[in-house]
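S.K.: Below you will find the structure I want to go over with you.
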Number of protein chains: 2
Amino acid sequence: MLPQQITLPIIGIVNSPLKQKFGTPRQPNLVDINATISMLPPYNVLSAFEGIAQFSHLWIIWQFHQNRINTNQSNFQTTVRPPRLGGNQKIGVFASRSMYRPANIGLSVVKFSHIENTEAGLRLHIIGADMIDGTPVIDIKPYLPYSDSIDDAIAGYASQKPVIKSVHWHPDLLQDLSNIAVKTQLNQTDWQTIEQLIAQDPRPAYRQQALNTPFVMRYQNVDVHFSQIAESVLQIQAIELLN
Amino acid sequence: MLPQQITLPIIGIVNSPLKQKFGTPRQPNLVDINATISMLPPYNVLSAFEGIAQFSHLWIIWQFHQNRINTNQSNFQTTVRPPRLGGNQKIGVFASRSMYRPANIGLSVVKFSHIENTEAGLRLHIIGADMIDGTPVIDIKPYLPYSDSIDDAIAGYASQKPVIKSVHWHPDLLQDLSNIAVKTQLNQTDWQTIEQLIAQDPRPAYRQQALNTPFVMRYQNVDVHFSQIAESVLQIQAIELLN
């Protein structure tokens with residue numbers, strides 16, 4: 001008899017400026033977020049990564065560790081409401097990439113950046129991760145274009161990239177940005193990443209028309225306040241430093 | 001503290017004509033093998049697949065269940081010798097898709113064929129699986145081309161598809177094939193699949209020049225005997241029905 005479940009090791013932990021689910025891109029590779037994976041012992045050895053620089057992209061297999069509901073077995077939810085369908089149409093869980101699924105396993109293709117091996121530990125630097133800070137990593141595999149890249153794949157409701165919205169910075173904020181940069185230790189790349197994250201419109205589907213309603217996305221050590229100021233236009237209104 | 005390992009459910013079992021590792025393609029989607037996944041309760045409900053026909057391709061996340069060595073933790077092997085490098089060059093395990101890796105998790109993109117829901121159970125029919133019969137399945141997710149298909153990905157030693165060899169059928173065998181078909185219940189599609197499997201050259205890298213040496217690949221209920229008869233030419237010499 002086969003066991004009805006299997007146990008897997010956690011090999012590393014994600015370090016990301018994304019601190020909460022809100023604002024995290026719904027798929028990998030949509031926003032060029034810089035993140036790292038801190039490898040845990042005994043997987044924190046350089047030889048395990050020998051040759052990895054030959055690859056431009058990697059698969060990361062990871063756990064949706066912040067799910068509060070266990071959707072495994074007795075609590076199995078057969079359908080979900082994907083944001084891409086406006087959040088009010090149900091489809092089967094295996095026809096979606098919803099985080100609420102039996103295995104709670106996420107699959108993301110990211111760009112390989114570099115390996116950093118210091119006394120503080122071994123870190124794999126990646127770009128485009130859609131995982132929040134603290135995410136447990138189960139496996140890292142190279143992306144093989146001859147096998148994984150399927151140009152003519154068809155994906156019904158999810159064939160096209162999500163629409164990107166316009167993002168403006170509030171004029172007062174723009175004027176103060178160099179001061180804020182000093183206080184928060186964030187830099188030009190961070191501002192660009194924040195802009196790209198907001199451009200994805202992280203608001204829930206049923207609130208994506210809410211005009212002038214404030215929303216807050218956490219990024220690294222700041223809260224980013226934004227709201228919609230016109231049709232398809234979002235404005236970043238404040239950057240608040242967290243303690 | 002985070003747990004150092006996680007437990008996942010097995011949601012289904014693969015049914016495949018591939019009965020042994022020998023002959024199984026080294027990546028998915030190289031050979032159009034027909035296979036099914038028999039869903040296990042409570043995951044064997046049609047609603048969990050609602051909308052799946054919108055997708056041409058699916059990701060299957062599965063377990064290398066026939067690994068005899070546990071490469072997790074104390075037995076962690078940092079390097080492997082991929083067949084693509086002739087089996088005599090070492091690279092890091094995370095720069096390869098070797099089955100000997102901490103998580104023992106396989107990742108395969110396959111074509112969606114159809115769903116079969118009968119009294120005998122719910123089966124997902126897929127094409128192109130590189131998993132052997134009996135493989136435990138952990139998750140099924142749609143392939144999203146806008147996110148997963150990366151045309152310009154670079155993959156060093158594994159950028160190109162493996163070279164396909166010529167496959168001939170022994171003349172005596174060809175003459176007898178209709179008799180064998182009756183005895184074995186195999187059909188034209190099976191013969192084509194067998195030919196495609198042999199064309200991948202399943203022999204170990206260090207024996208890929210072995211002339212006139214017999215090899216045997218198991219497929220469904222038969223043993224397929226083949227050997228190399230000339231440079232890059234393999235010949236199928238006998239189809240032996242198993243009891």
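The values are calculated or read from the model by the stated rules, or taken from the named source; none is laboratory data. The shown structure was predicted, so the numbers you read here are calculated from the model rather than taken from an experiment. Here the Cβ positions follow ideal geometry from the backbone for every residue, glycine too, while neighbour counts run over all protein chains shown.
S.K.: I'm trying to understand the selection: among the residues of the range A:191-243, which are more than 20 Å from residue A:172 (Cβ to Cβ), part of a loop (DSSP other than H, G, I, E, B) and either of a type outside the set (Asp, Glu) or touching a Gly at 6+ places or on another chain (Cβ under 9 Å) (or both)?
M.R.: Of everything in the range A:191-243, those that are more than 20 Å from residue A:172 (Cβ to Cβ), part of a loop (DSSP other than H, G, I, E, B) and either of a type outside the set (Asp, Glu) or touching a Gly at 6+ places or on another chain (Cβ under 9 Å) (or both) turn out to be A:200, A:202, A:203, A:204, A:208, A:209, A:210, A:220, A:221, A:232, A:242, A:243.
S.K.: For the range A:58-108, what are the residues that are small (Gly, Ala, Ser) and at pLDDT below 85? It would help to see each step written out before you state the result.
M.R.: Let us first name the residues in the range A:58-108 that are small (Gly, Ala, Ser), namely A:74, A:86-87, A:92, A:95-96, A:98, A:103, A:106, A:108.
Within the range A:58-108, A:74, A:86, A:87 meet the criteria.
S.K.: Within the range A:180-214, which residues are in contact with a Leu (Cβ under 9 Å, 6 or more places away or on another chain) and of a type in the set (Phe, Trp, Tyr)?
M.R.: Listed by number, the list holds a single entry, A:191.
S.K.: Same structure, new question: Kindly indicate whether any position in the range A:121-137 is among the polar types (S, T, N, Q) and more than 30 Å from residue B:162 (Cβ to Cβ).
M.R.: Our first condition is that a residue be among the polar types (S, T, N, Q); within the range A:121-137, this holds for A:135.
Checking which are more than 30 Å from residue B:162 (Cβ to Cβ) leaves us with A:135.
The answer is yes; a qualifying residue exists.
S.K.: Further, regarding this structure: For the range B:171-185, check the following and say yes or no: at least one residue is in contact (Cβ under 8 Å) with a residue 12 or more places away in the chain, within 14 Å of chain A (Cβ to nearest Cβ) and assigned to a helix (DSSP H, G or I).
M.R.: Applying the first criterion (in contact (Cβ under 8 Å) with a residue 12 or more places away in the chain) to the range B:171-185 yields B:173, B:177, B:180, B:183-185.
So of that shortlist, the ones also within 14 Å of chain A (Cβ to nearest Cβ) come out as none.
The answer is no, given that none of the residues of the range B:171-185 is in contact (Cβ under 8 Å) with a residue 12 or more places away in the chain, within 14 Å of chain A (Cβ to nearest Cβ) and assigned to a helix (DSSP H, G or I).
S.K.: Inside the range B:128-170, can you point out the residues that are assigned to a loop (DSSP other than H, G, I, E, B), within 8 Å of chain A (Cβ to nearest Cβ) and either in contact with a Cys (Cβ under 7 Å, 6 or more places away or on another chain) or among the β-branched types (Val, Ile, Thr) (or both)?
M.R.: Across the range B:128-170, the qualifying residues are B:150, B:154.
S.K.: Now a separate question. Scan the range A:84-94 for residues that are in a loop (DSSP other than H, G, I, E, B) and either in contact with a Ser or Thr (Cβ under 8 Å, 6 or more places away or on another chain) or facing chain B (nearest Cβ under 10 Å) (or both) and jot them down.
M.R.: The answer is A:89, A:90.
S.K.: So, in the range A:104-127, how many residues would count as being within 9 Å of chain B (Cβ to nearest Cβ) and within 12 Å of the chain's Cα centre (by Cα)?
M.R.: Counting residues in the range A:104-127 that are within 9 Å of chain B (Cβ to nearest Cβ) and within 12 Å of the chain's Cα centre (by Cα) gives 3.
S.K.: Look through A:97, A:101, A:68 and report the one residue that is in a loop (DSSP other than H, G, I, E, B), within 7 Å of chain B (Cβ to nearest Cβ), more than 22 Å from residue A:33 (Cβ to Cβ) and under 19 Å from the mean Cα position of the chain (by Cα).
M.R.: Working: A:97 fails: more than 22 Å from residue A:33 (Cβ to Cβ); A:68 fails: within 7 Å of chain B (Cβ to nearest Cβ).
So the residue among A:97, A:101, A:68 that is in a loop (DSSP other than H, G, I, E, B), within 7 Å of chain B (Cβ to nearest Cβ), more than 22 Å from residue A:33 (Cβ to Cβ) and under 19 Å from the mean Cα position of the chain (by Cα) is A:101.
S.K.: Look at residue A:77 and say whether it is in a loop (DSSP other than H, G, I, E, B), over 20 Å from residue A:162 (Cβ atoms), more than 7 Å from chain B (Cβ to nearest Cβ) and touching a residue at least 40 places away in the same chain (Cβ under 8 Å). Before the answer, list the steps.
M.R.: Working: in a loop (DSSP other than H, G, I, E, B): yes; over 20 Å from residue A:162 (Cβ atoms): yes; more than 7 Å from chain B (Cβ to nearest Cβ): yes; touching a residue at least 40 places away in the same chain (Cβ under 8 Å): no.
It is false that residue A:77 is in a loop (DSSP other than H, G, I, E, B), over 20 Å from residue A:162 (Cβ atoms), more than 7 Å from chain B (Cβ to nearest Cβ) and touching a residue at least 40 places away in the same chain (Cβ under 8 Å).
S.K.: I would also like to ask the following. Over 21 Å from residue A:136 (Cα atoms) and touching a Gly at 6+ places or on another chain (Cβ under 6 Å) - does that describe any residue in the range B:98-111?
M.R.: yes
S.K.: Could we say that residue B:110 is in the same structural domain as residue B:17 (by the TED database), of a type outside the set (Asp, Glu) and in contact with a strand residue (DSSP E or B) (Cβ under 7 Å, 6 or more places away or on another chain) here? Can you show your working first?
M.R.: Values: in the same structural domain as residue B:17 (by the TED database): yes; of a type outside the set (Asp, Glu): yes; in contact with a strand residue (DSSP E or B) (Cβ under 7 Å, 6 or more places away or on another chain): yes.
Against the criterion (in the same structural domain as residue B:17 (by the TED database), of a type outside the set (Asp, Glu) and in contact with a strand residue (DSSP E or B) (Cβ under 7 Å, 6 or more places away or on another chain)), residue B:110 qualifies.
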